[in-house]
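Some notes on the structure that comes next.
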Amino acid sequence: MAESIHVPLASLLSAKEHPHAFSTPSRTEPVRAGDPAAPVPEFSGGGTFFIETFGCQMNEHDSEKVVGVLLRRGYRQVASPDQARLVFYNTCSIREKAAQKVFSRLGEFNPKNNFGRDSGKVIGVLGCVAQQEGEEIFERAPWVSLVCGSASYRELPLLLARLEAGENRVTGLETDTDETFETELTRRNHPFRAYLTIIEGCDKACSYCVVPYTRGPERSRASESILREVRELADVGYTEIQLLGQTVNSYRDPSNRHLSFAELLLAVAEVPGIRRVRFMTSHPRDMGADIVAAIDSSPALCDHVHLPVQSGSTRVLRAMQRTYTREEYLEKISLIRGARKPISITTDFIVGFPGETERDFEETLSLMELAQFDSAFSFQYSPRPHTPAALMADPVPEAEKQRRLQVLQERQRAIQLQRNQALAGQVFEVLVEGASRRETQWTGRTSSNRSLNFTSSRTDLLGKYVRVRVTGAGPNSLTGNESIE
Ligand code: SAM
Ligand code: SF4
């Protein structure tokens, strides 16, 4: 049975090593990272590990599962790389800047660098950069011992065993798999919201995107296994579940039950103890009326859909291979806005895609006005290896990309401010996620995923659901007071 634990890091640090910790005979010879011939450092039953995660919620959740695998093998998590024998970076390569970050981290361990942290550590690169760069990582950073993409995480216990047995370079780089990464133990970081991946990889082929290459083909997890984990999460006190997938609404139940995504949402929402169910990210093409009807019919399904549009120009959408037109996207917006519940809609934009003209950009701005998004993530286009768009002619100059991004973000900010201000006087239920030092100021999220900072004279509200009346609004958050009606 899968086990899920949530424990504060402090108690993990003092946790006893797992009784079944793997143990190798101790080695006495000094080991230097960076020497390919050197044996890996000793893994005395339950060594220490540090993991840093870059990128999206799926990466965050993958790391929670990787931590579970490591704890199961008897390793103990520590708070800094200096304290760790095993140092893992779970990486993101969606944009170039994100990918560069990991190489600067790895540089800190370069044995040639006098100020480096070389001390016989085992360095591992996981996730999208691992998949994208593969064994070339060993060329760029010969002190790395493990390179493993997310589609091979099922192999992690085996790869760890090989490191423990003395190998100093192991890789997991297969993407041709129909397996999902299910673990016996997941060490969740968030105290109240549990992330749960229901579909891995991606079968879409957006021309700018590295994900199909780095995460492999789409694989859905069986509904019964998902529901079992949700019941276990509810049993240990989680009330909010966030279902994850690059295209979460493309979910196809591989089991005999053949639940549709909307049916799965309803089944998760019915698990006793679960009060909120979120999901992300939805692909516009697979956003059907049944999903909106499900949100309408179940109080536990949150009033929020994240529906990345990327561009408001059909010409650019076609070049991006997004498989919908501007008009089709706007129809999806009408469908969601037509719901009985006031469902908030958030999105992603890319500006400066190759060949994007000023007119195309104006169409993006006009779609933004029509759709009235409640929030948006926006990015300058970044060419990625292995993607068709990287070879496209007519790149938009950097300065122009920057200008477009700034214009778009200013307009979106104004829309958000206006939409948030219109909520003044209304009462929302929030899940309390944080407190200020004074303990009269709290922060939480509404079902529509708005951040709401509020005052309450009550204590001990963390993790509770509280009704709050909105008294003020900014572009990114609301303020209010606890409502005691
Ligand atoms: N699967 C989601 C979808 O279909 O929209 C998004 C996944 S991606 C991790 C998150 C966002 O990163 C995308 O929606 C897109 O806006 C942005 N993105 C992806 N590739 C990009 C690139 N090459 N340059 C800039 N932004 C990019
Ligand atoms: Fe990337 Fe497109 Fe798949 Fe989203 S749907 S992960 S943007 S290829």
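Bear in mind that the values in this text are calculations on the coordinates, not laboratory data. It should be emphasised that the depicted structure is a prediction, and the values quoted were computed from it without experimental measurement. We place every Cβ from the backbone using ideal geometry, glycine too, and count neighbours over all the protein chains shown.
Give me the percent relative contact order of the chain, please, defined on Cα pairs under 8 angstrom at least 6 residues apart.
It rounds to 10 percent for the chain.
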### Size descriptor, Kirkwood hydrodynamic radius, that averages inverse alpha-carbon separations across the stretch 137-187, Å
12.0
### Query
For the stretch 428-472, what's the radius of gyration and Dmax over Cα atoms, in angstrom?
9.3, 27
### Message
Every cysteine in the chain with no other Cys Cβ under 4.7 Å from its Cβ, please list them in numeric order.
### Response
C56, C92, C128, C148, C202, C302
### Query
Tally Lys and Arg at +1 and Asp and Glu at -1 over the other residues with C-beta under 11 Å from the C-beta of E328: what net charge comes out?
+2
### D_trans [Stokes-Einstein, Kirkwood Rh over alpha-carbon pairs] for the stretch 293-401, 10 °C, 1.306 mPa s, µm² s⁻¹
106
#### Entry: Evaluated over the chain, the Cα radius of gyration and Dmax, each in Å
23.6, 71
### At 1.567 mPa s and 4 °C, Stokes D of the stretch 183-283 from Kirkwood alpha-carbon radius, µm² per second
92
### Query
Among I336, Y251, M320, whose Cα sits farthest toward the positive end of the charge dipole of the chain (+1 at Cβ of Lys/Arg, -1 at Cβ of Asp/Glu, about the Cα centre)?
I336
### Query
About the Cα centre of the chain, what is the dipole size in debye to 20, counting +1 per Lys and Arg Cβ and -1 per Asp and Glu Cβ, all else neutral?
1040
### Task
Express the relative contact order of the stretch 410-485 as a whole percentage, based on alpha carbon pairs under 8 Å and six or more residues apart in sequence.
35
## Note on the structure
Protection proxy (average C-beta count within 10 Å per residue), highest first, orders 220-229, 195-204, 83-92 as 83-92, 195-204, 220-229
### Query
Rg(Cα) of the stretch 234-320 divided by 2.2 N^0.38 Å?
1.22
### Query
Within the chain, which DSSP H helices have Cα atoms that stretch 15 Å or more along the helix axis and a mean Kyte-Doolittle hydropathy of at least -1.0?
57-72, 96-107, 223-235, 326-337, 358-371
#### Entry: Net charge of neighbours whose Cβ lies under 11 Å from the Cβ of H304, counting Lys and Arg as +1 and Asp and Glu as -1
+3
### Summary
Net charge (Lys, Arg +1; Asp, Glu -1) of residues whose beta-carbon lies under 15 Å from that of D286, D286 excluded, is -2
### Task
Take the Cα pairs of the stretch 329-380, get the Kirkwood Rh, then feed it into Stokes-Einstein at 25 °C and 0.890 mPa s and tell me D in µm²/s.
202
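In cubic angstrom, how much convex hull volume per residue do the alpha carbon atoms of the stretch 141-232 span?
150
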